[in-house]
Amino acid sequence: MRIDMLTAFPGMFTGPFNESIIRLAHERDLVDIFIHDLRAFTIDRHKTIDAYAYGGGSGMVLKPEPIFRGVRFIRDQIPSDGLSRCVLLSARGKPFLQETAKNFTELDQLILICGHYKGVDERVIHGLDTEEYSIGDFVVTGGELPAMMIADAVIRLIPGVLGDIESAVTDSFYEGLLDCPYYTRPEQYENLDVPEVLLSGHHERIERWRREESLKTTWQRRPELLKDVNLSKEDDVFLDILQQENDG
């Protein structure tokens, strides 16, 4: 798989992609990452990438021409029958979810356009078959940091990247639930103990405890997620008990 970033600020990507899991994935030839400077696709001597918005208002808008040239150049880097998707990072985009990350691992190429300033000329969306995604209901300065987060979320799910795929499968959101709590040594620290069940060696009890803690955390913090989770009869009983205790 290859991931291509189109950005006005390529220097922002230097550190994060040279560390941790992303570096290992690259060293194992499981992913290739390319950072493209948007200004390289301008044709004027000032390398102009933005302009004022038609209709007035504050803020600058990224021009369509450099983005069209950049995306078309990037798409030409894979065979014509390769599976490629183009994503614009935008505060108005649909939510980027764990399921989205899983789906993106099936691609041959993922193109991430980093929005900046007031926004991007709307013709980029329609003319380049571009999808808009957001990482949350808040605004950051540009699409560079969200692009890094999406790249990380996708790369760690590529088979062979993590030493133990079970680590990814049990993550929050992978199966719709938030993850359970985790503990490590020492068994006691400042009068805080590791739950006894985790020290029992009884694998079925441990798995049930983790499932219930995951359900409890999701019920407390993100209850809307539960409607899309495949719940067992045991899960339903446990959630009913939580609700009864909450109702007093």
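Among (1) surrounded by 15 or more Cβ atoms within 10 Å (Cβ to Cβ); (2) at pLDDT 95 or above; (3) under 29 Å from Asp137 (Cα atoms), where does Gln98 come up short?
The one condition Gln98 does not meet is (2).
Could you look through segment 21-42, keep only residues that are more than 20 Å from Leu112 (Cα to Cα) and in contact (Cβ under 8 Å) with a residue 12 or more places away in the chain, and pick out the one that is surrounded by the fewest Cβ atoms within 10 Å (Cβ to Cβ)?
Arg28
Residue check, Ser200 against (1) in contact (Cβ under 8 Å) with a residue 12 or more places away in the chain; (2) more than 16 Å from the chain's Cα centre (by Cα), all met but one. Which one?
Of everything listed in (1) in contact (Cβ under 8 Å) with a residue 12 or more places away in the chain; (2) more than 16 Å from the chain's Cα centre (by Cα), Ser200 misses just condition (1).
For segment 12-44, which positions are farther than 23 Å from Val71 by Cβ and in a loop (DSSP other than H, G, I, E, B)? Don't jump to the end; show me each part of the working.
Of all residues in segment 12-44, those farther than 23 Å from Val71 by Cβ come to 15, 18-21, 23-25, 27-30.
Gly15, Glu19, Arg28, Asp29, Leu30, listed by residue number.
Considering only residues of segment 103-128 that are under 28 Å from Val161 (Cα atoms), surrounded by fewer than 18 Cβ atoms within 10 Å (Cβ to Cβ) and without any contact (Cβ under 8 Å) to a residue 60 or more places away in the chain, which is nearest to the chain's Cα centre (by Cα)?
This residue is Asn103.
Which residue out of Asp152, Asp81, Asp121 is within 28 Å of Ile43 (Cβ to Cβ) and not hydrophobic (A, V, I, L, M, F, W, C)? Outline the logic, then answer.
Details: Asp152 fails: within 28 Å of Ile43 (Cβ to Cβ); Asp81 fails: within 28 Å of Ile43 (Cβ to Cβ).
Testing whether each residue is within 28 Å of Ile43 (Cβ to Cβ) and not hydrophobic (A, V, I, L, M, F, W, C) leaves just Asp121.
Go through segment 198-231 and report how many residues are part of a helix (DSSP H, G or I) and loosely packed, with under 15 Cβ neighbours inside 10 Å. Give the derivation first.
Within segment 198-231, the subset part of a helix (DSSP H, G or I) is 198-199, 203-221, 223-228.
Adding the requirement that they be loosely packed, with under 15 Cβ neighbours inside 10 Å leaves 199, 203-205, 207-208, 220-221, 223-224, 227-228.
Qualifying residue count for the region: 12.
The values are calculated or read from the model by the stated rules, or taken from the named source; none is laboratory data. These figures come from a predicted structure and were not determined experimentally. Reconstructed Cβ throughout: ideal geometry from the backbone, glycine too, with neighbour counts over all protein chains shown.
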